[in-house]
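Trainee: My questions will all concern the structure given below.
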């Protein structure tokens, strides 16, 4: 072999190895190896369904559980942490704080202070600081206390649920401010399921909300005394002498356009500071913390927000425009082992993540968990912030960008949309429109790009994609999308304001909410079925994201009427797939982005055979279809993003005129 040939072979080998290493490096970046998830070992005998997390001055981690226990964990970052039971017998404590030698938690019906008076490692003094009534409804969860800078405590109370959110007991749907000596002040209302409360870097108060009736999607918003944040159930108590809110319930019709439009006529209505697009950035916002220093990456001053259903953490950037908070949310870290409920900073600047899925289900498959998130010191290439500027947005990056790609108009796609403000459960994306980028300006240091954008609208969420932008070293963004809630436009903006209230999707757009192919979603009995269906299958839902029938049998080629009854308190559908394709179709539904709600989260796939619409709680839909001629086990799943992990079953197609049997 000639020397030249040897050099060529050697060059190709080195190039191939280098290319493979580069691809592996890029894949590792996309998987976010900059932040590592580490397990905190849990003894087999401890059922740590985390409700709250709080550190003591000595660095011990206190953990409340949904089973009413309070555990102390010594050396939680070690491979062999020590667990001891500090207290038990409480009623579902879903929060924990620590202050001046005592733990504070909310049980369902009271704010409790727990103290170890004799220093034996066990709580022996339980003091009720303030109590509130209960109706006994299962949905009456309570959260807090969050300590304010002056020592006062904030508590938030879920509404009750009876087919819709109700306030069956006093102050349900409210945020309360409570002093150490037990004085209570009703602070704000309009809350539905306020699982997270927190302070930003400036010490201002925020809470996280979950989609439901009157709540089109999850959000985080700034709260001040006297604010009304959207859900009308708590207005039942607005007439109380100490109420700071005077909005009458009669203002609430079935539908009121958008909450942004509604806020223009009533000053106490507080619109979301940051919408978290449902199913795109989680489905159930939970705990939140502020990044207080530079020991957790380049995001000091921003907030991290957990999601219970999708077992993930999102990142939130806030700014004040015209004196009001608004900002953007971004993907951050996925892959936690259960549903995230609580976040807490450890002394080593790692983030402790407390989880539970019992009764609520999550993409993380375990029933509970405790993990740490640790930064490895390397900076990912990300959109650090999106800011509103006159006539557009400014994107700040964590690293200098490649000037060519960052200046290219085609590197960006911006889409505006919003949600309906109505009594229905959640909202599809409405009024969706593209916003062309017409000019870019790159800063001298290469870390900021100003985008001049046409068609921006106040009161709308704007999806900002920067998929074509590369770093100076040629790396792609770890996450190339963010969602900016534009309630106010900076002075000097030339945009023509916002859309008029009441505008909704076109009839064609509404029709597609049950999937792109109407032949797969037949809601009425076909006229050709003169003798009716051969088989009628009724499937309901049960708590924990499950169908009440996990298997049924039908004859091949038979005429089938399947009735889906949604007995749950959240949205569901039912999609029948080809054998074994349930996971594939469910994953495709999670990746549908802004198109998902309009298409009922039914992917345009040959693996989808038949599907219902996404239906609201306490409603039902019939689905008519002819069973496949081929025998086999056909999977059916709920493709509402994240539900397919647990919500599934098998439709067995058999030969012959056998009678259907549900199991």
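The values are calculated or read from the model by the stated rules, or taken from the named source; none is laboratory data. Remember, it's a predicted structure, so these values are computed and weren't measured experimentally. No Cβ is skipped: glycine too gets one built from the backbone with ideal geometry, and neighbour counts run over all protein chains shown.
Trainee: Here is a check on your reading of the model: is residue 203 more than 22 Å from residue 284 (Cβ to Cβ), assigned to a loop (DSSP other than H, G, I, E, B) and either in contact (Cβ under 8 Å) with a residue 40 or more places away in the chain or touching a helix residue (DSSP H, G or I) at 6+ places or on another chain (Cβ under 6 Å) (or both)?
Mentor: In short, yes.
Trainee: Name every residue in region 530-560 that is closer than 28 Å to residue 356 by Cβ, touching a strand residue (DSSP E or B) at 6+ places or on another chain (Cβ under 9 Å) and assigned to a loop (DSSP other than H, G, I, E, B), in order of residue number.
Mentor: Matches in region 530-560: 540, 545, 548, 549, 550.
Trainee: Also, quick follow-up: In this structure, does residue 225 turn out to be modelled with pLDDT of 95 or more, in a loop (DSSP other than H, G, I, E, B) and out of contact with any strand residue (DSSP E or B) (no Cβ under 6 Å at 6 or more places or on another chain)? Show your work before the answer.
Mentor: On the way: modelled with pLDDT of 95 or more: yes; in a loop (DSSP other than H, G, I, E, B): yes; out of contact with any strand residue (DSSP E or B) (no Cβ under 6 Å at 6 or more places or on another chain): no.
No, not satisfied.
Trainee: Does residue 81 satisfy the condition of being under 25 Å from residue 39 (Cβ atoms), in contact with a strand residue (DSSP E or B) (Cβ under 9 Å, 6 or more places away or on another chain) and surrounded by fewer than 21 Cβ atoms within 10 Å (Cβ to Cβ)?
Mentor: Working: under 25 Å from residue 39 (Cβ atoms): yes; in contact with a strand residue (DSSP E or B) (Cβ under 9 Å, 6 or more places away or on another chain): yes; surrounded by fewer than 21 Cβ atoms within 10 Å (Cβ to Cβ): yes.
Taking the combined requirement at face value, the residue satisfies it.
Trainee: When the residues of region 247-264 are narrowed to those that are in contact with a helix residue (DSSP H, G or I) (Cβ under 9 Å, 6 or more places away or on another chain) and without any contact (Cβ under 8 Å) to a residue 24 or more places away in the chain, which ends up surrounded by the fewest Cβ atoms within 10 Å (Cβ to Cβ)?
Mentor: In the first step, residues of region 247-264 are kept if they are in contact with a helix residue (DSSP H, G or I) (Cβ under 9 Å, 6 or more places away or on another chain); the result is 247-249, 251-252, 256, 262.
From the residues that got through so far, the ones that are without any contact (Cβ under 8 Å) to a residue 24 or more places away in the chain too are 247-249, 251.
Numbers: 247: 18, 248: 10, 249: 12, 251: 12.
Of everything passing the filter in region 247-264, 248 is surrounded by the fewest Cβ atoms within 10 Å (Cβ to Cβ).
Trainee: Among the residues of region 93-123, which ones are part of a loop (DSSP other than H, G, I, E, B) and surrounded by 12 or more Cβ atoms within 10 Å (Cβ to Cβ)?
Mentor: Filtering region 93-123 down to residues part of a loop (DSSP other than H, G, I, E, B) leaves 93-96, 100-101, 107-109, 116-123.
Selection gives 93, 94, 95, 96, 107, 108, 109, 116, 121, 122, 123.
Trainee: Filter region 438-471 down to the residues that are touching a helix residue (DSSP H, G or I) at 6+ places or on another chain (Cβ under 8 Å) and not in a strand (DSSP E or B), then identify the one that is surrounded by the most Cβ atoms within 10 Å (Cβ to Cβ).
Mentor: 466
Trainee: Sort out which residues of region 73-92 are touching a residue at least 24 places away in the same chain (Cβ under 8 Å), under 14 Å from residue 105 (Cα atoms) and either in a loop (DSSP other than H, G, I, E, B) or under 30 Å from the mean Cα position of the chain (by Cα) (or both), and write them in order of number.
Mentor: Taking region 73-92 as the starting set, the residues that turn out to be touching a residue at least 24 places away in the same chain (Cβ under 8 Å) are 73, 76-77, 79-81, 83-87, 90, 92.
Checking the rest, the ones that are also under 14 Å from residue 105 (Cα atoms) come to 86-87, 90, 92.
Result: 90, 92.
Trainee: So, one more: Using the structure shown, decide if residue 404 is more than 17 Å from the chain's Cα centre (by Cα) and over 18 Å from residue 63 (Cα atoms).
Mentor: Details: more than 17 Å from the chain's Cα centre (by Cα): yes; over 18 Å from residue 63 (Cα atoms): yes.
So residue 404 passes the test.
Trainee: Separate question: Do we have residue 138 as within 21 Å of residue 285 (Cβ to Cβ) and surrounded by fewer than 18 Cβ atoms within 10 Å (Cβ to Cβ) here?
Mentor: yes
Trainee: Step by step: first the residues of region 126-164, then only those that are in contact with a helix residue (DSSP H, G or I) (Cβ under 9 Å, 6 or more places away or on another chain) and not in a strand (DSSP E or B), then the one that is nearest to residue 209 (Cα to Cα). Which residue is that?
Mentor: Here is the first cut: in region 126-164, the residues in contact with a helix residue (DSSP H, G or I) (Cβ under 9 Å, 6 or more places away or on another chain) are 157, 159-160, 164.
Filter once more, so that each one left must be not in a strand (DSSP E or B): 159, 164.
Numbers: 159: 12, 164: 16 Å.
Result: 159.
Trainee: Right, something else. Only one of (1) part of a loop (DSSP other than H, G, I, E, B); (2) modelled with pLDDT of 95 or more; (3) under 20 Å from residue 271 (Cα atoms) fails for residue 502. Which number is that?
Mentor: Checking residue 502 against (1) part of a loop (DSSP other than H, G, I, E, B); (2) modelled with pLDDT of 95 or more; (3) under 20 Å from residue 271 (Cα atoms), the one that fails is (2).
Trainee: In the list 115, 106, which residue meets the criterion of being within 14 Å of residue 145 (Cβ to Cβ) and at pLDDT 95 or above?
Mentor: Values: 115 fails: within 14 Å of residue 145 (Cβ to Cβ).
Just one listed residue meets the conditions, 106.
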